[in-house]
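Following: one structure in structure tokens, then a few remarks.
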Amino acid sequence: MLKTGILNPGINSLLSRVRHTNTLVIADRGFPFWPQIETIDISLTDDIPRVLDVLKAIRANFNIGNVFMAEEFHLKNGPETCREFELALAGIPLAFEHHVEFKKRVPKAIGLIRTADTTQYANMLLESA
């Protein structure tokens, strides 16, 4: 039995299949369903867990080369929320693009982890290094 790290077997399985330059999406609760990619829904109640909770949990064992987010994130969230995300992504190149362009990347992802995050446009696409 696992005692530390990611305990969710679905997330462990998904992460083990992400290879060099593959992508993984961590999404908020309102993110659309994409039938062509595996989705692991870990939402429980509002904001439990959040996108940043998942990011922090996987960052120790997941080599992230680039992160993509919707530029609308900055327009819909205050400076404190934006700063919290910047700190969580420290040292990782981060690119912002229109949410329509962001969503065009999603079908190519290995999978999607859906959270209960209520932060608007908190979705991120992680590209493995």
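Considering every residue within the stretch 15-26, establish whether at least one is in contact (Cβ under 8 Å) with a residue 40 or more places away in the chain, of a type in the set (D, E, K, R) and over 17 Å from SER128 (Cβ atoms). So far as the stretch 15-26 goes, no, none of its residues is in contact (Cβ under 8 Å) with a residue 40 or more places away in the chain, of a type in the set (D, E, K, R) and over 17 Å from SER128 (Cβ atoms). The set of residues from the stretch 21-35 being farther than 12 Å from ALA116 by Cβ and assigned to a loop (DSSP other than H, G, I, E, B) comprises THR21, ASN22, PRO32, PHE33, TRP34, PRO35.
For the stretch 36-46, the criterion of being in a strand (DSSP E or B), over 23 Å from GLY5 (Cβ atoms), modelled with pLDDT of 95 or more and not hydroxyl-bearing (Ser, Thr, Tyr) is satisfied by no residue at all.
Filtered by the rule that a residue be part of a loop (DSSP other than H, G, I, E, B) and under 25 Å from SER128 (Cβ atoms), the stretch 47-89 gives PRO49, ARG50, ALA60, ASN61, PHE62, ASN63, GLU71, LEU89. Being aliphatic (A, V, I, L, M), surrounded by 13 or more Cβ atoms within 10 Å (Cβ to Cβ) and assigned to a helix (DSSP H, G or I) is the filter here; which residues of the stretch 90-106 pass it? VAL106, the sole residue that qualifies.
The values are calculated or read from the model by the stated rules, or taken from the named source; none is laboratory data. All values derive from a computational prediction rather than experimental measurement. Cβ sites come from the backbone with ideal geometry, for glycine too, and all protein chains shown count toward neighbours.
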